[in-house]
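Everything on this sheet refers to the single structure shown next.
The values are calculated or read from the model by the stated rules, or taken from the named source; none is laboratory data. These numbers come from a predicted model, not from an experiment. With ideal geometry, Cβ positions are generated from the backbone for all residues, glycine too; neighbour counts draw on all protein chains shown.
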Amino acid sequence: MINKIMTAQQAVETYIDNYDTVFIGGFGHAIPFAIAHEIVRQEKHDLHLVKTGADIVFDLLVAGGCASSLTCGWYGNPGIGMSHIISRAVASGNLNLYESTNFSMILRLHAGKLGVPFIPSPILADGDLANSPPGVKPIICPFTQKPYQAHSAINPDVAIIHAQRADKNGNIQLWGSVGDTLEGCEASQKIICSVEEICTSDEIENSPHLTILPEHKIDALIVQPFGAYPSYLYDYYQRDNDYYNSHGSLTKQAEESESWLQQTIYQHADFDSYLKALPDQMLNQLKWRNS
Amino acid sequence: MNNTSTPTNGNISSISAEILAQARAAFMAATEIQDNQTLFVGIGLPCLVAHLAQFNASPNCHLVFESGLMEVMCKTQPLSTASENIARNAKMHGSMLDVFSMLQRGEIDIGLLSAAQIDENGHLNSSKLVTKSGKTVALPGSGGAHDISVLANKVIVVMPSDPRRFVKKVDFITSPNNPYANRGGVAGVAMPDAFFTFVGGKPVLQKIYSDRIAEEINNSLDWDSHISPTLEIISPPPNNIIISAEKFLTQY
């Protein structure tokens, strides 16, 4: 049996190359912040990031100079505002932004998962987004002769995700809102997953309905408690709303963003050291409560 | 749970004009929802519409969010379509593919959307604004809005009062009001005073609150609109609805 358990540092060094296409899992929930921190820390560059709705973890990767392009349906701080970092990177020519829609991105990842070149759908036939995203072209249905748009497959080089738990072999159990995580993982060539805890294989066998990815698909397994902080993880911890609320003002100007990145990532040797530097009791207060 | 501002504890006179306008717009939109319908709910004001529908005239409507959450009781305002508060009040945690498949199969009765701009053709913009000086201001983008506008059986838009958002022609058509197959496209837009439908690509004032005057509302926008011969005059939201809306908007 290959030992897949490793540190985030080893996983990112081994399985993410510059110029890779990277899918980031988690949708408002279970966002793999710890792995993203490590990508920034290792100064990976020219990554092509793909996602339906890109949350503020993308700000870390873009501010850290890791991405040269982003294909997504949406980007920003959900329910709060714009991404100043992505807007600046696009305006300065440092980031190519390919805007699409969330469903088109799901279809393209699903095509990648199915191993087919495209999936037809009527979306993106009209309006100013039509035909502008790469990977969408008009076709005629061979059966009905009706017009559709072909949404071409995306097969990312690597997916990064966070989940509640796994056994040491990498059978991954994730529950709560999954969003686009499965489509993205199953379309990808490699999967790096961080989990809150390692459980026994017996525990997995007693709850196979919670397993979302089988061990043979997992390349690297990282044990990282609070690995989705500041997002939330169902049954484990709540979102740090103050972090999301203050993010806009901390990243509004380029200089502020730089010091935010220093304090969030570069000042810390790893994610645990970042967590330790958070105010006392904060993580305790965020612990999941069944209320 | 955090508060963004202090609730007024039921004192209606201290509710801000902005919240009052949002409550009136959302209540107006909710009058378009029938009980037992399935709604695909966008973030922002659409959530207040869903909340008011669910806790008043349409208690059995089924809420679906793009993250994959289904059969949600929308008790408090979610900041994202996967927020903890709606995930905890969902009967099913599905995937995005699950819910967008329902949308594409024609199983969604009403898509509830908002936008930065709406024009007199019912096209919506959530991608970018062009200022008078010609500068482009980026917005977060479609998300699922384009998909909902094309694929829902009917789309109801809800907008705050700012008349600058009601334009002759949107700066960018993110979500086109061009119905696909037999789907309905954008049926209408609710605002704090009224509800406009789109008939033959033109806006028609269809409903107003009884405390407003139809001609004034019709002339208040930069739209080539007219008043429907079957104009409906409805009562504005009662105090308990406004208080419930205020609570929803200030707590999450």
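Does at least one position in the range A:30-49 carry a residue that is within 14 Å of chain B (Cβ to nearest Cβ), part of a strand (DSSP E or B) and either more than 12 Å from the chain's Cα centre (by Cα) or crowded, with 19+ Cβ neighbours inside 10 Å (or both)?
no
Filter the range B:55-73 down to residues that are modelled with pLDDT under 95 and within 29 Å of B:P179 (Cα to Cα), then give me how many there are.
Summing the residues that are modelled with pLDDT under 95 and within 29 Å of B:P179 (Cα to Cα) in the range B:55-73 gives 1.
Going by the conditions given, is A:N171 over 30 Å from A:G79 (Cα atoms), touching a helix residue (DSSP H, G or I) at 6+ places or on another chain (Cβ under 7 Å) and either in contact (Cβ under 8 Å) with a residue 12 or more places away in the chain or crowded, with 20+ Cβ neighbours inside 10 Å (or both)?
yes
Which of the residues spanning the range A:110-130 are farther than 29 Å from B:V170 by Cβ and touching an Asp or Glu at 6+ places or on another chain (Cβ under 7 Å)?
Hits for the range A:110-130 are A:H110, A:K113.
Restrict the check to the range A:14-33 and report whether at least one residue is out of contact with any strand residue (DSSP E or B) (no Cβ under 9 Å at 6 or more places or on another chain) and not small (G, A, S).
no
Quick test of your reading of the structure: B:E32 fulfils all but one of (1) surrounded by fewer than 24 Cβ atoms within 10 Å (Cβ to Cβ); (2) touching a His at 6+ places or on another chain (Cβ under 7 Å). Name the failing condition by number.
Of the numbered conditions (1) surrounded by fewer than 24 Cβ atoms within 10 Å (Cβ to Cβ); (2) touching a His at 6+ places or on another chain (Cβ under 7 Å), the odd one out for B:E32 is (2).
Before we move on, is B:G111 small (G, A, S), in a strand (DSSP E or B) and touching a strand residue (DSSP E or B) at 6+ places or on another chain (Cβ under 8 Å)?
yes
When you go through B:K132, B:K91 one by one, which is the residue that is modelled with pLDDT under 95 and over 20 Å from B:Q22 (Cα atoms)?
Every option except B:K132 fails the conditions.
So which strands (runs of 3 or more DSSP E) are wholly in the range B:165-214 and hold at least 3 residues that are under 16 Å from the mean Cα position of the chain (by Cα), β-branched (V, I, T) and over 18 Å from B:G144 (Cβ atoms)?
In the range B:165-214, no matching strands (runs of 3 or more DSSP E) lie anywhere.
Select from the range B:12-70 the residues that are in contact with an Asp or Glu (Cβ under 9 Å, 6 or more places away or on another chain) and in a strand (DSSP E or B) and list them in ascending order.
B:T38, B:L39, B:F40, B:V41, B:H62, B:L63, B:V64, B:M70
Within the group B:S114, B:S161, B:S149, B:S133, which residue is within 11 Å of chain A (Cβ to nearest Cβ) and either among the small types (G, A, S) or under 24 Å from B:C74 (Cβ atoms) (or both)?
B:S149
Check whether at least one residue in the range A:94-102 is among the aliphatic types (A, V, I, L, M) and in contact with a strand residue (DSSP E or B) (Cβ under 8 Å, 6 or more places away or on another chain), and report yes or no.
Checked against the condition, which is being among the aliphatic types (A, V, I, L, M) and in contact with a strand residue (DSSP E or B) (Cβ under 8 Å, 6 or more places away or on another chain), the range A:94-102 yields at least one hit.
Any chance you could count how many residues in the range B:135-164 are assigned to a strand (DSSP E or B) and modelled with pLDDT under 95?
The qualifying residues number 3.
Within the range B:37-76, count every residue that is at the interface with chain A (Cβ under 8 Å from one of its Cβ atoms) and not acidic (D, E).
Summing the residues that are at the interface with chain A (Cβ under 8 Å from one of its Cβ atoms) and not acidic (D, E) in the range B:37-76 gives 5.
Would you confirm whether any residue within the range A:72-94 is away from chain B (no Cβ under 11 Å), under 27 Å from A:A150 (Cα atoms) and not in a helix (DSSP H, G or I)?
no
What are the residues in the range B:98-127 that are among the hydrophobic types (A, V, I, L, M, F, W, C) and buried (at least 20 other Cβ atoms within 10 Å of the Cβ), if any?
Within the range B:98-127, B:V99, B:F100, B:L103, B:I108, B:I110, B:L112, B:L113, B:A115, B:A116, B:I118, B:L124 meet the criteria.
Which of the residues belonging to the range A:115-129 are of a type in the set (A, V, I, L, M), surrounded by 13 or more Cβ atoms within 10 Å (Cβ to Cβ) and more than 8 Å from chain B (Cβ to nearest Cβ)?
Once the filter is applied, which keeps residues that are of a type in the set (A, V, I, L, M), surrounded by 13 or more Cβ atoms within 10 Å (Cβ to Cβ) and more than 8 Å from chain B (Cβ to nearest Cβ), the range A:115-129 yields only A:I119.
Name the one entry in A:K287, A:K217 that is of a type outside the set (S, T, N, Q), exposed (fewer than 14 other Cβ atoms within 10 Å of the Cβ) and in contact with a strand residue (DSSP E or B) (Cβ under 8 Å, 6 or more places away or on another chain).
Only one candidate qualifies: A:K287.
In the range A:204-222, how many residues are part of a loop (DSSP other than H, G, I, E, B) and in contact with a helix residue (DSSP H, G or I) (Cβ under 7 Å, 6 or more places away or on another chain)?
Residues in the range A:204-222 being part of a loop (DSSP other than H, G, I, E, B) and in contact with a helix residue (DSSP H, G or I) (Cβ under 7 Å, 6 or more places away or on another chain): 1 in total.
Looking at this structure, is A:A111 part of a helix (DSSP H, G or I), aliphatic (A, V, I, L, M) and more than 18 Å from the chain's Cα centre (by Cα)?
Yes, satisfied.
Sort out which residues of the range A:174-213 are of a type in the set (V, I, T) and crowded, with 24+ Cβ neighbours inside 10 Å, and write them in order of number.
Result: A:V178, A:T181, A:I191, A:I192, A:V195.
Yes/no per residue for (1) within 12 Å of chain B (Cβ to nearest Cβ); (2) assigned to a helix (DSSP H, G or I); (3) surrounded by 12 or more Cβ atoms within 10 Å (Cβ to Cβ):
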position	(1), (2), (3)
A:F226	no, no, yes
A:Y243	yes, yes, yes
A:G248	no, yes, yes
A:E258	no, yes, yes
A:Y274	no, yes, yes
